[in-house]
Amino acid sequence: MFRSLHMKLVLILLLLITSLMTIVGAFLMTSITSFYIDEFYQQMESVFGGSNPSNASFVSSLRSWAAEENVSQIQEMVEARSGDLGLNSTTRTYYILDGRTGEYLAGSDAEGAASLQATANLLTARASIARGGSEVGSASDINAPYMDVAIPITGGEGAYILYIYDNRDTISSLNSQLFLIIVQALLVGLLISVLLSFLLSKTMVIPIERLTEGAERVAAGDFSGAIDVDSTDEIGVLTTTFNDMAEVLQDTLEAVENERNKLDTLFLHMTDGVVAFARDGSILHSNPAASQMLDREIAFYDYDALFGEQFPLERVLALQRPDFLSGELTAAERILELYLAPFSDGEDGGVMAVLHDVTAQRKNEEMRKEFVANVSHELRTPLTNVRSYAETIRTMEDIPRETENGFLDIIISETDRMTRIVQDLLTLSRLDSGRAEIKMTRFPFREAIDAVCRAVDLDAQNHSHTLVRAYGRHLPMIVGDRNRLEQVMMNVIGNAIKYTPDGGTITVDAGMKGENVWMEVADTGIGIPSKDRERIFDRFYRVDKARSRESGGTGLGLSIAREIVQRHGGTIGLVRHEGPGTTVRVVLPIRQAVNREELDDA
């Protein structure tokens, strides 16, 4: 209740009015009391003071009557000056006392004389008479409940004290009335303070309440409504500043949200696996790539189960940024590079793990090493043969002409073999780099097959093979590089002729299916073992290396054929079938994504 600003304003105003009226009342009451006390003693001084000639005569008369010990005459003279002394029968009285014993002799209040006390002023006057002096007892005390003055009157043997006593009832009555007035003023002031507090609440509390409601909306994420500004004072400036702050905060949060969405999208779809661990090893975040690479649902594991055996968590947390640890691990037939680093030094820190799949890279490195070894091996064999036969011709003096020509034929054959290897390598290099020129034209698919079959017919006859053309007349026109595609056909049919024992049958078939044409070449040879079928199109890979070299093969023909077919958007592969022999199937699209006018011009 008392925590609200409205109640605090009420309490502050009430305390302010109460304190102010209390201080003013105390000051007024003290001032009135001091005024009456001062007025009393000034009045006494004006009657008994020696500066005025009339007062000196009055005091001298009193002393002369004291010498005659005539108390009644002294009383008459005091009564005659009662107006100047302010004497009355209720509040201010006088007493004529014996100067030596203090006994009451006469006065205006005989009943009150019995209760007279030996005040400080009475004692001063009696002590003065005892010493033979005339010192007046006129000491004032604002805290005393009375005012008094004791005047020694001596003459001859007579010694009296004129004691004037005021009980201060007038001051008490006036202070009571003043206190009542102050209380009434205090009540009015309290009522005014309550009214003022409501006015202040309208001008101060209501804008602050609006600011509070606006702050609550902003804290809840609602930036839609701005707070109305009704004044130009400090609260109005604060409200304007708050609206500006809310607008800037909204823009900032939107920017942060956009950046977070970008990071989330990148985090979810990046190819590298990312896993964030807390300091206790529990998983904070992970992306799908990490689960895919590790072949497990990462959410059910912790750091120790995933990487603790290779790199303990305490070792990684002890690193100072930007230091990191790296290593390799194998998971689900994948080779992964692992990078570990702490992402914060505080209590909320942890470890970030990044996984990079290098399986293809390692495989490419192995293929590159194997490729270099194969090229070196393929070139070294013919070079060795050329050198051997050349040295033989050089060292033998009486070599028969027929033998020399045979050696030279071998040298020429090995040189041609090296030329074919280099040409095939150059063709593969151009195809890999995209620099091989593919000239798209429209040509009859059947005529291209016929041309290749006519070209290899003599070779088939030399091996006593039967070349069967099983395709019909109705094959469509296709779009492609005719020379390159005939090279593919020549390679496939030529391999069937080479690697089929003499007297076999080579069947060439073709057809159309949907938007594609196909060609199959089947032989009756020994076939290809299942372990070699997946690698038959790899570079330099040969099932029977000795026989391939005898037939002049380089191991690159099928690799080149696959590259050409893929550049045309087609496929080439082995067809599974029952029985011996091998069947190779080539599938090509009838149309290519080229400009129609260019084809017509061609």
What's the Cα-based Rg to Rh of the stretch 461-517, Rh via Kirkwood?
1.03
Under 12 Å from the Cβ of GLY273, count the other residues' Cβ atoms, weight Lys and Arg +1, Asp and Glu -1, and hand me the total.
-2
Under 23 Å from LYS8, Cα to Cα: lysines that are on another chain or at least 8 residues apart
LYS202
Quick check: at a probe of 1.4 Å, how many percent of the accessible area of the stretch 18-85 sits on carbon and sulfur atoms?
57
Estimated vicinal HN-Hα couplings, Hz - the stretch 482-495 in sequence order (Karplus 6.51, -1.76, 1.60; Gly, Pro = x):
4, 4, 5, 5, 5, 5, 5, 4, 4, 5, 5, 5, x, 4
Per the C-alpha gyration tensor (a ≥ b ≥ c, the square roots of its eigenvalues), the stretch 1-142 is rounded if a/c is under 1.5, else prolate if a/b beats b/c, else oblate; here it's prolate
Pairs of alpha-carbon atoms within less than 8 angstrom and 6+ residues apart define the contacts here; what relative contact order does the chain have, in percent?
7
Could you name the lysines whose alpha carbon sits less than 19 Å from that of LYS498, not counting residues in the same chain fewer than 8 places away?
LYS545
Calculate one ³J(HN,Hα) per residue across the stretch 150-161 by plugging θ = phi - 60° into the Karplus curve 6.51 cos²θ - 1.76 cosθ + 1.60, and present them in order as whole Hz with x for glycine and proline.
10, 10, x, 10, 10, x, x, 8, x, 9, 9, 10
Crossing angle, helix 206-219 versus the chain [Cα axis fit, 0-90 degrees, rounded to tens]:
20
Accessible area, probe 1.4 Å, largest first, for residues THR403, THR582:
THR403, THR582
Taking PHE407, PHE40 and ranking on accessible area (1.4 Å, protein atoms only), highest first, one gets PHE407, PHE40
Here the alpha-carbon Rg of the stretch 198-314 over 2.2 N^0.38 Å rounds to 1.81
Helix 557-567 sits off the longest principal axis of the Cα atoms of the chain, rounded to the nearest 10 on a 0 to 90 degree scale, by 50
For the stretch 382-492, what number results from the quotient of the Cα radius of gyration and 2.2 N^0.38 Å?
1.56
Under 5 Å, built H, 5+ apart or other chain: amide partners of VAL517
LEU588, ILE590
Once amide H atoms are placed 1.01 Å from N in the peptide plane, what residues at a sequence separation of 5 or more from LEU467, or on another chain, have their amide H within under 5 Å of its amide H?
ILE506
Please work out the average accessible area per residue across the chain, using the 1.4 Å probe convention, and give it in Å².
59
In order through the stretch 258-268: 3J(HN,Hα) via Karplus (6.51 cos²θ - 1.76 cosθ + 1.60), integer Hz, x for Gly, Pro:
4, 5, 5, 5, 4, 5, 5, 4, 4, 5, 6
Rounded to the nearest 500, the 222 nm mean residue ellipticity computed for the chain from DSSP H runs (n ≥ 4, each -39500 (n - 2.57)) alone is -17500 deg cm²/dmol
Among the GluC sites (Glu not before Pro) in the stretch 287-333, which ones are in a DSSP loop with at most 16 other Cβ atoms within 10 Å of the Cβ? Mind listing them?
GLU297, GLU309, GLU333
Amide H of THR154: which non-local residues (sequence gap of 5 or more, or other chain) have their own amide H closer than 5 Å, using H built in the peptide plane?
TYR160
Given the candidates ASN258, TYR301, THR241, the one whose Cα lies deepest towards the positive end of the charge dipole of the stretch 190-304, counting +1 at each Lys or Arg C-beta and -1 at each Asp or Glu C-beta, is THR241
Considering only protein heavy atoms and a probe of 1.4 Å, how much of the accessible area of the stretch 261-350 is carbon and sulfur, as a whole percent?
50
Nearest 10 degrees, 0 to 90: helix 169-200 Cα axis against the chain principal axis:
20
In whole percents, the bins of 20 Å from zero upward hold the Cα-Cα pairs of the chain as 12, 18, 16, 12, 9, 9, 7, 10, 6, 1
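The values are calculated or read from the model by the stated rules, or taken from the named source; none is laboratory data. Quick caveat: nothing in here was measured; it's all calculated off a predicted structure. Positions of Cβ are generated from backbone atoms using ideal geometry, with glycine treated the same way; all protein chains shown enter the neighbour counts. Calculation scope for accessible area: heavy atoms of the full protein, side chains included, ligands and nucleic acids excluded. Shrake-Rupley method; radii C 1.70, N 1.55, O 1.52, S 1.80 Å.
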